[in-house]
Amino acid sequence: MNAVTAGVTPWTVAKWMLALAIAVVALFPIWWMINVVFALPGEPVSLNPRLWPTSLSAGFDKIHMIFAETGYLRAYAISLLYAVLTIAGVLLFGSLAAFEFSLFDFPGRKALFAVVMLSLMVPTAVTVIPTYLLTARIGWLNSMQGLVVPGLASAFGLFMLVQFMRAIPKDMIEAARLDGASHFQIYWHVALPLCRNAMVTLAILTFMQTWGNYMWPLIVATKPEMYTVGQVVGLFNSPLSHHTVDTVMTANLLAAIPPLLFFLIFQRKIVEGIAMSGSKG
Amino acid sequence: MAFLDITSVSKSYGAQTVLENVNLLIEKGEFVVFLGPSGCGKSTLLRMISGLETITSGTISIEGQVVNDIEPAARGTAMVFQSYALYPHMTIFQNVSFGLRMARKPREMIAKAVGQAAAILKLDRLMDRKPGQLSGGQKQRVAIGRAIVREPRAFLFDEPLSNLDAELRVQMRAELMDLHRRLGTTMIYVTHDQVEAMTLADKMVVMSGGRVQQAGPPLQLYDDPDNRFVAGFVGSPKMNFLPAQVVASEAGRLRLSGIGGSGQADLPLDVPGLQGAVELGLRPQHLHLVAPGEAPAGLVLEGRVVMVEELGSESFVHLDLADGTRITLRAGREADLAPSVLRVAADLRHALIFGPDGLRIRGRDGRAA
């Protein structure tokens, strides 16, 4: 038995088989999407299907057609702005609130935190109508603020950041106080840099959630000029659309690329962040 | 006017009282050590001086100014924490200069102040590192550096050496003494380690149960404690306490019996009318082994050897007396510790008497006994 095979047991083989099987199940739809886009129309779904792309130029033609002939680019811009503004807001409000909840004592702290945590258990479907009515009353329908503002205070984000900030030693906050740092300076110079990992994780998770959010934009932004990527893709998929499968797939692929890239670049941070928020609490 | 004046200070959390009626004067430039077991309130008192803890009642004044309601940063004190409390994401330079940067001091001034502190503490070469790359001793120096650059009126140390190993602790102790000599600034230091307290302090404040038990120079507390707690807490190994009965107290003599079973003693102590049970306090070095065949005058006790601690130059012998009291005595290397039962003579010139309430009983003429 040589050194390479020395550690291999039936158990390791079984584990790898299982991991590979899960990977195939997860990756195949994405691969199929690429396959359909970069092929001549009809080819992948013919009687003799191919599992690999056959025509790059056909794919680029379809992408060009979608960008040129539909409001896709505009939707991209709206979705990006929606995601970036939401991330900024969630990080700002979440970290400010977490700073107070985790490092300072004030009357009603526990009760308030409990209320916020309870809100995590209320399904979105329950709050959608009141939130819509409120947004409509303010006159924010079909506006960027209507899209963004209701999602700025994230109970999940607060929970996650509180877990992180609780791990900051009290001594450090007191040392900063003795060093003459103001309340805001302690937040800015001490607490915030110390939970940078958590902030990055929260930013990524918020991006994923905002980019994939379908229901709220569908309700609050009904005018085509405010459509997000999700809604545009929805139009492609609608029963009365005349698009062929490969055009619909191209729209889907374009929608999936940003979160895919995000995940590939930051996957390590995501895993680290989630693991830490669990173990430190 | 004293530099720091603590008057009738109390602290309670709800119904629980942590400090009770503390009165203390600290002079400028003094090295004061608060000594006591865990939970005695010494750290709370330090934190009240620093402003990190509010004062329930009483006043604390620094140089004549009542500071009860003054922000911690404005009190002119700097604190060094047991955990060092360095900011892990900042370099050593940024850590040391943090206070000055927050106060928006000019860049040149910051560089100069940090440079001076670094030179004093030999930190020059570590300035670009992060705290995570430093050893415990270096971290503690950085924490002290951060305090020095603020040019405080008083340094407050909260058990700063507790996280260091024994050797480093001795070294840092010497460095702290040197620092105090060079800067001449008032230093207030909290510890539960009485060796640390004895070696560092100009004035030692022994605390227990939220009260100051006694304050004074270390040797005064060692030689002349006011109560049983101070006598037992200061000194290592600790003082032996032997239960005794007063037989007679008259004409300037105090006669005791039943010491450690059947021992008797006659002390030159003038406490007319004293009767009942008392305790006789004797330090381990004031007990000597009696050679076989020798019959010394005064108090002689007999005890069974329980344990011998060999320290090289000397040994500490633990004996169980007839009434079950355990005592410790110091023996030289030449002593014969082979027998299982040893006889011990006490040097009663150094004996202290404590009443049932734990207070020291002193002679009417003020003579120590």
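Quick check on residue B:110: is it within 14 Å of chain A (Cβ to nearest Cβ) and within 23 Å of residue A:189 (Cβ to Cβ)?
Working: within 14 Å of chain A (Cβ to nearest Cβ): yes; within 23 Å of residue A:189 (Cβ to Cβ): yes.
The answer is yes for residue B:110.
Restricted to region B:279-295, and to residues there that are surrounded by 13 or more Cβ atoms within 10 Å (Cβ to Cβ) and out of contact with any helix residue (DSSP H, G or I) (no Cβ under 9 Å at 6 or more places or on another chain), the residue that is nearest to residue B:265 (Cα to Cα) is B:287. Within region B:56-76, the set of residues being facing chain A (nearest Cβ under 9 Å) and at pLDDT 95 or above is empty.
One residue is enough: does region A:191-204 have a residue meeting the conditions in contact with a His (Cβ under 9 Å, 6 or more places away or on another chain) and crowded, with 17+ Cβ neighbours inside 10 Å? Yes.
Restricting attention to region B:245-291, which residues are assigned to a strand (DSSP E or B), of a type outside the set (Asp, Glu) and under 30 Å from residue B:193 (Cα atoms)? Hits for region B:245-291 are B:278, B:280, B:281, B:282, B:287, B:288, B:289. The criterion of being modelled with pLDDT of 90 or more, open to solvent by 10 Å² or more (accessible area, probe 1.4 Å) and more than 30 Å from residue B:21 (Cα to Cα) does not hold for residue B:79. Residue-level check: of (1) open to solvent by 20 Å² or more (accessible area, probe 1.4 Å); (2) free of Cβ contacts under 8 Å to residues at least 60 places away in the same chain, residue B:6 misses just (1). Where helices (runs of 4 or more DSSP H) fall entirely within region A:88-158, those with at least 1 residues that are of a type in the set (A, V, I, L, M, F, W, C), over 27 Å from residue A:200 (Cα atoms) and out of contact with any Ser or Thr (no Cβ under 8 Å at 6 or more places or on another chain) are at A:109-119, A:124-138.
Taking the stated definitions as given, is residue A:177 in the same structural domain as residue A:84 (by TED's automatic domain parsing) and surrounded by fewer than 18 Cβ atoms within 10 Å (Cβ to Cβ)?
Against the criterion (in the same structural domain as residue A:84 (by TED's automatic domain parsing) and surrounded by fewer than 18 Cβ atoms within 10 Å (Cβ to Cβ)), residue A:177 does not qualify.
If I go through region A:154-172 residue by residue, how many of them are surrounded by fewer than 21 Cβ atoms within 10 Å (Cβ to Cβ) and more than 7 Å from every other protein chain (Cβ to nearest Cβ)? Here the count works out to 8. I'm trying to understand the selection: among the residues of region B:24-50, which are farther than 20 Å from residue B:173 by Cα, open to solvent by 10 Å² or more (accessible area, probe 1.4 Å) and within 14 Å of another protein chain (Cβ to nearest Cβ)? Hits for region B:24-50 are B:44, B:47.
Would region A:216-223 turn up any residue that is surrounded by fewer than 20 Cβ atoms within 10 Å (Cβ to Cβ), assigned by TED's automatic domain parsing to the domain that holds residue A:78, in contact with a Leu (Cβ under 8 Å, 6 or more places away or on another chain) and β-branched (Val, Ile, Thr)? If you could, list the steps in order and put the result at the bottom.
So the first thing to find is which residues in region A:216-223 are surrounded by fewer than 20 Cβ atoms within 10 Å (Cβ to Cβ), and the list is A:218-219, A:222-223.
Imposing the further condition that a residue be assigned by TED's automatic domain parsing to the domain that holds residue A:78 reduces the set to A:218-219, A:222-223.
If we keep only those that are in contact with a Leu (Cβ under 8 Å, 6 or more places away or on another chain) as well, we get A:222.
Narrowing the set further to residues that are β-branched (Val, Ile, Thr) leaves A:222.
Within region A:216-223, one or more residues are surrounded by fewer than 20 Cβ atoms within 10 Å (Cβ to Cβ), assigned by TED's automatic domain parsing to the domain that holds residue A:78, in contact with a Leu (Cβ under 8 Å, 6 or more places away or on another chain) and β-branched (Val, Ile, Thr).
The values are calculated or read from the model by the stated rules, or taken from the named source; none is laboratory data. Not measured: the values here are computed from a predicted model. Glycine gets a Cβ as well: all are built from the backbone with ideal geometry, and neighbour counts include every protein chain shown. Just so you know, the surface numbers come from the protein's heavy atoms only, side chains and all, with ligands and any DNA or RNA stripped out. Shrake-Rupley method; radii C 1.70, N 1.55, O 1.52, S 1.80 Å.
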